[in-house]
Amino acid sequence: MLTTYLNTLPYTKFVLIEDSVTAKGGEILEYLLKNHENKQDYRTHLFVFERNFNQIKNKHPGSECHDFTSDLRNWMSLTTSDMETVISNLEENCVVVIDSLVHVLYRYGLLGAYQTFTDIKNKKNVQQIITVLHTDLLEDRDKVIQYFQHLSTLHMELQPKRVLYTYKKSQRKIIKQLEEYYCDSGKFITQPIKKPDKDVIRETVEQINPENMSTFKIGLSEKDKESRSNLVLPYLPKETNSSDGKIHYAFDDIDDWDEEDPDDDLDI
Amino acid sequence: MATINPLLVSLDIKSSDRVVSIKENGNVDSNFVITHLIKQILGDGNRMCFVILHNTLGHYQNVGKRLGYDFLKQIEEGRIRTIEPLKDIVEDIGNETNYFVDDKEQVVKGLFKSIKSTMEELVEAGSSRVYLVIDDISHLLDLGIDLKYIISFINYCLSLINDERISVVINTHVCSKSDEIICNNLNYVSDVVIEVMPLKTGVSREVTGLLNIEKSGKEQVTQFHFKAYDKGIKTFHLGESVYNLYK
């Protein structure tokens, strides 16, 4: 079960959430952040690359927020931190959450981002890295996803109501599952997909009466059934007199019968 | 305003909606959303910094007259400040300066700096809300600016909402994959996403197109059909054009 794998200790090192506009991963990230913020024995570091920094900071007083959105390219010459410096300064036990991997990619390039994440992953004091990858913001989708899936220990692809996740256990076992999920008031709940119950289906089908489903008259009354059974189909063989297959043709008033053979002039 | 505008009622943009994005698909012109929002902004007594990359000032003046506001007069009075990169581009042709430099990052950086200083002046000028309206950000791609700089530019524009009185409205259109990426980026960070698209199956005399309004926090997307008239836009629930147009 996905929530079990996300919460068991020791934490799985690198959680990658792949989302898209149709299935956003924001709520799941919030749920994971909240879980970590409540813990006392380590600090949660939130690297803000997307949205407005102050809004996010006010929403997460329990995390140490790093501003990588207000002046990422140093256009305004504000004193902003460099990602590498911040990471090398992480000394205590901590969890690193990066709210948008795509923005890291656009800023530092694929190589730079991959190296950075490898560095963070190698740090022993970082207990978990969590990041969201918006797959529909990537130009070279497959390549990027492939590299970061390789780096991650648990990656999940979000679909509208389902999540396909791959969990690399520390004993080299890999679990790949498709589960249903929903977010309810800040909680992230997953459950395995239930097979539909045969009895329930049979019962529902029996309850359906086509007559009630439309304003058209679909069924047949007794009188209709009787006249249907009495109908004689003209192309089927009749039960009485079969006269050697002769064709009986009754001439109309306007027909004129020509005794000549139309194929007379052929030299066959 | 004495009469209530039906489109604005349908859109229901509040001052708590700090980031609004408008997505234009296909052949329908989504400019009406911005012109109506200008009406709402002016009607509420707020100010605006308008970055014009798609239409001319004359266009907004004409449309404004039909909707009931004098656009040029508002500029004279200082309620609206415009930034017109199109004009600057025309002046730059042959000079290789500003918008034609090779380092495209400087282009967006310069644009943002001028936006920021204009917004600061507008904020200082009074106590009303100030709106940044960009029409239309996808044109920055046409200037040869890389996607990564445009995404950074959007981040910088979002940093403006640190001031409680500022809201940002960005219009985009979708013609290519890069446009799609910009739209999706805005989708993740917006409080309201307004999507305007044509009818799927063709053209109708009674319905100009489909309007989808998605508000963050609400799962349901509100859908309307709309019809464009000379004097305005009428919106109605799906399929109810008959009840609304022939009264």
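The values are calculated or read from the model by the stated rules, or taken from the named source; none is laboratory data. All figures in this text were calculated on a predicted structure; none of them were measured in a lab. Here the Cβ is made from the backbone with ideal geometry for all residues, glycine too, and neighbour counts use every protein chain on show. Note: areas computed on protein heavy atoms with side chains; ligands, DNA, RNA excluded. Shrake-Rupley method; radii C 1.70, N 1.55, O 1.52, S 1.80 Å.
For chain A, the longest stretch holding no chymotrypsin sites (Phe, Trp or Tyr not before Pro) located in a DSSP loop with at most 10 other Cβ atoms within 10 Å is which? So the longest stretch without any such site is A:1-215. Interface residues of the range B:84-124, defined as those with an accessible-area decrease of at least 40 Å² between the chain by itself and the complete set of protein chains (probe 1.4 Å), are B:Glu105, B:Lys109.
The alpha-carbon of B:Lys200 sits under 22 angstrom from the alpha-carbons of these lysines, leaving out residues fewer than 8 places away in its chain: B:Lys23, B:Lys177, B:Lys227, B:Lys234. Here the range A:2-192 has 47 percent of its accessible surface on carbon and sulfur atoms, given a 1.4 Å probe and all protein chains in place.
Projecting the Cα positions of A:Leu90, B:Ile166, A:Gln146 onto the charge dipole of the protein assembly as shown (unit charges on Cβ atoms of Lys, Arg, Asp and Glu, taken about the Cα centre) puts A:Leu90 furthest along the positive direction.
So how much accessible surface do A and B hide from each other in total, probe 1.4 Å, in square angstrom to the nearest 100?
The A and B chains share an interface burying roughly 2500 Å².
Computed over chain A, the convex hull of the alpha-carbon atoms projects to a mean area of 36.8 nm².
Here the dipole of the protein assembly as shown is about 3960 debye; that uses its Cα centre as origin and unit charges on the Cβ of Lys and Arg (positive) and Asp and Glu (negative). Modelled spin labels at B:Asp146 and A:Ser170, positioned 7 Å past Cα toward Cβ, are 4.0 nm from each other. List the residues of the range A:3-51 that lose 40 Å² or more of accessible area once all protein chains are present, compared with their chain alone (1.4 Å probe, heavy atoms only, no ligands or nucleic acids). Listed by number, the residues meeting the 40 Å² cut-off are A:Val21, A:Lys24, A:Arg51. Exposed loop sites were defined as GluC sites (Glu not before Pro) in DSSP loop states (anything but H, G, I, E or B) carrying at most 16 other C-beta atoms within 10 Å; in chain A the longest segment without such a site runs A:140-238. Legend: residues in the range A:106-122 shielded by at least 40 square angstrom of accessible surface upon adding the remaining protein chains to the isolated chain (1.4 Å probe, heavy atoms) are A:Tyr106.
For the segment A:65-78, counting C-beta atoms of other chains within 10 Å of every residue's C-beta and taking the mean gives 4. Comparing B:Ile181, B:Ile52, B:Ile134 in a Gaussian network model of chain B (Cα springs below 10 Å), the most mobile by mean-square fluctuation is B:Ile181.
Roll a 1.4 angstrom probe over the protein heavy atoms and tell me the percent of accessible area of chain B that is carbon or sulfur. That fraction is 49 percent.
In the context of the full set of protein chains, the range A:2-192 has a per residue accessible area of 48 Å² (1.4 Å probe).
Normalised by the number of residues in chain A, the mean separation of alpha-carbon contacts (under 8 Å, six or more apart) gives a relative contact order of 22 percent. Counts of other chain beta carbons within 10 angstrom of each beta carbon in peptide B:142-154 average 3. Would you please give the FRET efficiency between A:Ser77 and A:Ile193, computed as 1/(1 + (r/R0)^6) with r the Cβ-Cβ distance and R0 = 45 Å, to the nearest 0.05? About 0.30, to the nearest 0.05.
Between B:Ser117 and A:Cys183, the modelled labels are 4.1 nm apart [label points 7 Å from Cα along Cα→Cβ]. For GluC sites (Glu not before Pro), the sites in the range B:148-237 that DSSP calls loop and that have at most 14 other Cβ atoms within 10 Å are B:Glu164, B:Glu206, B:Glu219. Using a 10 angstrom Cβ neighbour count of at most 15 plus a DSSP loop assignment to flag exposed chymotrypsin sites (Phe, Trp or Tyr not before Pro), which longest range of chain B is free of such sites? It works out to B:1-228. By DSSP, the beta bridges lying fully in the range A:1-123 are antiparallel in about 10 percent of cases.
Dividing the summed helix terms, -39500 (n - 2.57) for each DSSP H run of n ≥ 4, by the number of residues in chain B produces a 222 nm estimate of -12000 deg cm²/dmol to the nearest 500. A simple count of charges around B:Ile52, restricted to other residues whose Cβ falls under 10 Å of its Cβ and scoring Lys, Arg +1 and Asp, Glu -1, yields -2. Distance between the modelled labels on A:Thr116 and A:Phe216, one decimal in nanometres: 6.1 nm (7 Å Cα→Cβ projection). Per residue, the solvent-accessible area of the range B:1-98 (1.4 Å probe, heavy atoms of protein chains only, all protein chains present) comes to 48 Å². Relative to the dominant Cα principal axis of chain B, helix B:57-67 is inclined by about 30°.
At a threshold of 8 angstrom on Cα-Cα distance, excluding pairs fewer than six apart, so keeping six or more, what relative contact order does the range B:42-169 reach in percent?
34
Averaging the Cα positions of each part gives two centres, and for the range B:24-78 and the range A:181-218 these lie 49 Å apart.
Think of the range A:2-192 as a dipole: +1 on every Lys or Arg Cβ, -1 on every Asp or Glu Cβ, centred on the Cα centre; then among A:Leu110, A:Asn125, A:Ile175, A:Ile175 lies furthest on the positive end.
Please compute the volume of the convex hull spanned by the alpha-carbon atoms of the protein assembly as shown and report it per residue in Å³.
385
Note on chain B: with a GNM built from Cα contacts shorter than 10 Å, the maximum mean-square fluctuation among B:Cys49, B:Cys157, B:Cys175 falls on B:Cys175. Dividing the summed -39500 (n - 2.57) terms of all DSSP H runs of n ≥ 4 by the residue count of chain A sets its mean residue ellipticity at 222 nm at -9000 deg cm²/dmol.
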